[in-house]
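Contents: one structure, followed by commentary.
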Amino acid sequence: MVIAGDGLSHLLPSAREIAALPADERLNRLPLHHWIGYPAAQAAVAKLEGMIAQPPALRPANLLIVGPSNNGKTMIAERCRRLHPARTSVDGEHQVIPVLVMQMPPAPSARRFYSALLAALGAPLWANGSMDLREQMTCRIMRKVGVRLLIIDELHNILAGRPGQVRECQNLLRFLGNELRIPIAGLGTKEAYLAIRSDDQLENRFEPFLLPRWTDGAELARLLMSFEAILPLKEPSNLASPELRTPILQRSEGTIGEMSALLVAATRAALERGCERIDLDLLAAADYLPPTERRRQFEASLQ
């Protein structure tokens, strides 16, 4: 067993165990997806927890978590789902799903919406089933499995539909809340806020919760210290120092998902080179491109 006194005290216990392994084994166990409870994420989860705890209501309070792409919205939903996992009912006859997470279809319509809901519920689909049947089946199953909170990721996809489809999906959000008397949490970019704001009734029901891009400061330093604690390198990298904090923020363009991708890539580069900490050279050598550069290269390839 690895203990803190062996020079790995900068790591969490789970990361210390991995750091004791050979480099090739550590490469296969890098933390690609890991929950980090920074204050804004904890506040968002606390709001979702409060929604689950509230009793059924005719007009339940809803939440709209808004932020740039790859800034931790989906991880917040996953954290909430894991805190309330699906389980077998007391009588052993069916599943209980307190938190149901679905994704708004990329080409939204009422039919696709219900299909996505039924798929998230693990229910069979009938390609030719009528809309009334899909609606009735969805509501019946959601009641049976005891859904207390519906989380809809990629809510901004509503705006990808034609005007009639946008209105159709907006009506569905109101209908489900009224019919099932459960709260709904939407996750998306600023376009999700526009989709909600364009309907007066929905705007009154959804409280916005912002996850802005990260800026330099004490919160970012604490976040990078949390990242350092899960990266299985034997020496401290001091990621929170201004020398490393600034280039990490600049290259990641201020989102937590991009910071994670950059730091995992830098850790991989360190292990491949036999290094046990991340420095400026390894950040530069990491197999990682910032979002703007990825878009630039993609657009250039189309010319």
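Quick check on residue 109: is it crowded, with 16+ Cβ neighbours inside 10 Å, closer than 25 Å to residue 84 by Cβ and hydroxyl-bearing (Ser, Thr, Tyr)?
In short, no.
How many residues are under 18 Å from residue 81 (Cα atoms) and in contact with a Lys or Arg (Cβ under 7 Å, 6 or more places away or on another chain) when one looks only at the stretch 24-37? Walk me through it before giving the result.
Taking the stretch 24-37 first, the residues under 18 Å from residue 81 (Cα atoms) are 33-37.
Next, only the ones that are in contact with a Lys or Arg (Cβ under 7 Å, 6 or more places away or on another chain) stay: 35.
The qualifying residues number 1.
Can you work out which of the residues in the stretch 229-268 that are under 19 Å from residue 33 (Cβ atoms) and free of Cβ contacts under 8 Å to residues at least 24 places away in the same chain is surrounded by the most Cβ atoms within 10 Å (Cβ to Cβ)?
266
Kindly indicate whether any position in the stretch 125-141 is surrounded by fewer than 18 Cβ atoms within 10 Å (Cβ to Cβ) and in contact with a Lys or Arg (Cβ under 7 Å, 6 or more places away or on another chain).
yes
Return the residues of the stretch 188-202 that are acidic (Asp, Glu) and either surrounded by 14 or more Cβ atoms within 10 Å (Cβ to Cβ) or within 22 Å of residue 15 (Cβ to Cβ) (or both); say none if nothing qualifies.
Taking the stretch 188-202 and keeping what is acidic (Asp, Glu), we get 191, 199-200.
Within the stretch 188-202, 191, 199 meet the criteria.
Of the residues 85, 98, which is surrounded by 13 or more Cβ atoms within 10 Å (Cβ to Cβ) and either in the same structural domain as residue 173 (by TED's automatic domain parsing) or at pLDDT 95 or above (or both)? Let's see the steps before the verdict.
Working: 85 fails: surrounded by 13 or more Cβ atoms within 10 Å (Cβ to Cβ).
Testing whether each residue is surrounded by 13 or more Cβ atoms within 10 Å (Cβ to Cβ) and either in the same structural domain as residue 173 (by TED's automatic domain parsing) or at pLDDT 95 or above (or both) leaves just 98.
Quick one: how many residues across the stretch 54-111 are among the hydroxyl-bearing types (Ser, Thr, Tyr) and part of a loop (DSSP other than H, G, I, E, B)?
Result for the stretch 54-111: 3.
Show me the helices (runs of 4 or more DSSP H) found entirely inside the stretch 234-298 where at least 2 residues are under 25 Å from the mean Cα position of the chain (by Cα) and more than 20 Å from residue 15 (Cβ to Cβ).
Answer list for the stretch 234-298: 242-252.
Count, please, the residues in the stretch 177-197 that happen to be assigned to a helix (DSSP H, G or I), within 23 Å of the chain's Cα centre (by Cα) and either more than 26 Å from residue 71 (Cβ to Cβ) or not basic (Lys, Arg) (or both). It would help to see each step written out before you state the result.
Going residue by residue through the stretch 177-197, those that are assigned to a helix (DSSP H, G or I) are 177-180, 190-197.
Now restrict to residues that are within 23 Å of the chain's Cα centre (by Cα): 177, 190-197.
Filter once more, keeping what is either more than 26 Å from residue 71 (Cβ to Cβ) or not basic (Lys, Arg) (or both): 177, 191-196.
The total comes to 7.
Could you give every pair whose Cβ atoms fall below 6 Å, whose first residue belongs to the stretch 172-183 and is within 14 Å of residue 149 (Cβ to Cβ) and in contact (Cβ under 8 Å) with a residue 12 or more places away in the chain, and whose second residue is part of a helix (DSSP H, G or I) and acidic (Asp, Glu), counting only separations of at least 6 or pairs across chains?
Filtered contacts from the stretch 172-183: no entries.
Might you check whether a residue that is farther than 30 Å from residue 211 by Cα and free of Cβ contacts under 8 Å to residues at least 40 places away in the same chain occurs anywhere in the stretch 26-48? Give the derivation first.
Here is the first cut: in the stretch 26-48, the ones farther than 30 Å from residue 211 by Cα are 26-28.
Cutting the leftovers down to free of Cβ contacts under 8 Å to residues at least 40 places away in the same chain gives us 28.
Taking every residue of the stretch 26-48 in turn, at least one turns out to be farther than 30 Å from residue 211 by Cα and free of Cβ contacts under 8 Å to residues at least 40 places away in the same chain.
I'd like the full set of residues that are in a loop (DSSP other than H, G, I, E, B) and in contact with a helix residue (DSSP H, G or I) (Cβ under 6 Å, 6 or more places away or on another chain), limited to the stretch 126-154.
Residues of the stretch 126-154 that are in a loop (DSSP other than H, G, I, E, B), as a first pass: 126-130, 145-148, 154.
Within the stretch 126-154, 148 is the sole residue that qualifies.
Name the one entry in 65, 18 that is of a type in the set (A, V, I, L, M, F, W, C) and more than 23 Å from the chain's Cα centre (by Cα).
Answer to the selection: 18.
The values are calculated or read from the model by the stated rules, or taken from the named source; none is laboratory data. As the structure is a computational prediction, the values presented were derived from the model and not from experiment. For neighbour counting, all protein chains shown are included, and Cβ atoms are generated from backbone atoms with ideal geometry for every residue, glycine included.
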